[in-house]
Structures are given as C-alpha cells and as structure tokens.
Amino acid sequence: MRQVPEGETCRLRKDEGVSRLEGVVIDLERHSAEAGWDVPPRLFALVEAAELRRHEPALAEELGISPGADSIAAIEQPPLPGSDAAAIEDLLGTIAWPARVDGCALVLERIVLPPEAEADLPGEAGDLDGWAVEHSRREDVRVAVGVLRDGSRHSVLRLRRHDDDAAVLSGPDLVPALADALAATLVPAGLERPDDPEGPHDAAGPPAGDAR
C-alpha cells in the first residue's frame, strides 16, 4: 500500500473552494500525470485520514499523515490483474472493499473517438481495439474518478493533445458509467449490486480492495 505524497495529493483545498473529494481526485490525476502517458490503471482506497490515524496509527505514521489532518488519504492498491486484457468495468465487478474504506478512486487512460467514427466500425471478425488505436481521429484521454459511500463522486479528464493542468475538465458526471462501476464496489455485503443479483463478494483485510 502506498499513499500518494501529502502536499501533492489528499489535501483539503479550502483556498480553491472545492470539496475534499474533488481535491483528492484532481490531485491524483496531477500526480499520475507526472508519470507521463501509456501507464496502466491505478486503483486507490480512500480513507478518512483521522480514522486511519485512530485505528491504524503505525500505518498513518508510515504514510506521513499528520495528527488532526482533515483530509482523505488515498492509498494506492496493487496493480489490477488482467487490466491489459479485460474491460476495467469487469475487473471492478470482482472487488468489494472493507467497511472501513470510505471510498475509492481510479485513474486510467482511454481512447475516445467521435460519434461519426461508428460508421467505419469493423465487422464482427475485425480487430476493434487495433482499429481504434490506428484511427486518425482518436483522442487519448486520462480520466480520474472518485466515489464515496455517501454518494459523492467527482471526475477529471485530461486530453493528451492538450496536456496542461489549465485544460483539464472537472465535474461529477464526466464518466458516469465508470463512476457507477466504482460505486458498486462499495455496496455493503448483503445488499444487491445493480448488475449482480447475488450481491458483492465478501472482502476483508487492511485498507486495500480484495480482488478475486
């Protein structure tokens, strides 16, 4: 587990007039941007910093969370297995978080095509991924999405051809399907997920998602 360095992320940005969740998501994307492009998806557990210090003081100390911190700690998880082959939404469907995790966030890159590109879609036997990669009007984007158990959500989107902090889009519903998939991982055991009539799988352990 690794928290994104405080000071770069996980701060309450009172001076910018944004919520704590917005600040965390914005900072996670900016922190990820420092690593450049063509990076695998990154999943984070979101935990109240004060609660983490109260229940796991040694871990909080290791992560550099100061006493009295009014922030949300973003703890990076191990790489998602199969993220280079399976749809990210399918992988998220295998995750259930422990109750002490207050939310989660995901940073990933995607290829976006204009609506008119659908007319050129290859047939059933065609290589859809290869077609998208080679399309002349493709747009590479990085999205960061965060959700909390209280229903709060926020997302940011950066275009590769406008790779500048000032050009990053920000809002609660930029990628609603991905936000819904993340929110489903927070459904308590015993309740039905929208896409899983059997409910979420049980999870246990430290503030890290249990992928199975």
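Listed values, structure above:
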item: Unique residue being within 20 Å of the chain's Cα centre (by Cα), surrounded by fewer than 21 Cβ atoms within 10 Å (Cβ to Cβ), of a type outside the set (A, V, I, L, M, F, W, C) and part of a helix (DSSP H, G or I) when the list is GLU61, GLU89, GLU51; result: GLU89
item: Residue within region 39-47 that is among the hydrophobic types (A, V, I, L, M, F, W, C), in contact with a helix residue (DSSP H, G or I) (Cβ under 6 Å, 6 or more places away or on another chain), modelled with pLDDT of 90 or more and within 30 Å of ARG160 (Cα to Cα) present; result: no
item: Failed criterion for ALA86 (all others in (1) free of Cβ contacts under 8 Å to residues at least 12 places away in the same chain; (2) farther than 26 Å from LEU174 by Cα hold); result: (2)
item: Strands (runs of 3 or more DSSP E) within region 124-212 that include 1 or more residues modelled with pLDDT of 90 or more, touching a helix residue (DSSP H, G or I) at 6+ places or on another chain (Cβ under 6 Å) and surrounded by 14 or more Cβ atoms within 10 Å (Cβ to Cβ); result: 139-148, 153-159
item: Subset of region 13-32 that is farther than 13 Å from ARG153 by Cβ and outside any helix (DSSP H, G or I) - its residue that is modelled with the highest pLDDT; result: VAL18
item: Region 92-117, residues that are surrounded by fewer than 19 Cβ atoms within 10 Å (Cβ to Cβ) and closer than 23 Å to LEU174 by Cα; result: GLY93, GLU109, ARG110, ILE111, VAL112, LEU113, PRO114, PRO115, GLU116, ALA117
item: Region 41-66 - residue that is in contact (Cβ under 8 Å) with a residue 40 or more places away in the chain and of a type in the set (D, E, K, R) and, of those, farthest from GLY103 (Cα to Cα); result: GLU56
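The values are calculated or read from the model by the stated rules, or taken from the named source; none is laboratory data. Small disclaimer: the values here were computed from a predicted structure and weren't measured. A quick note on method: Cβ atoms are made from the backbone with ideal geometry, for glycine too, and the neighbour counts reach across all protein chains shown.
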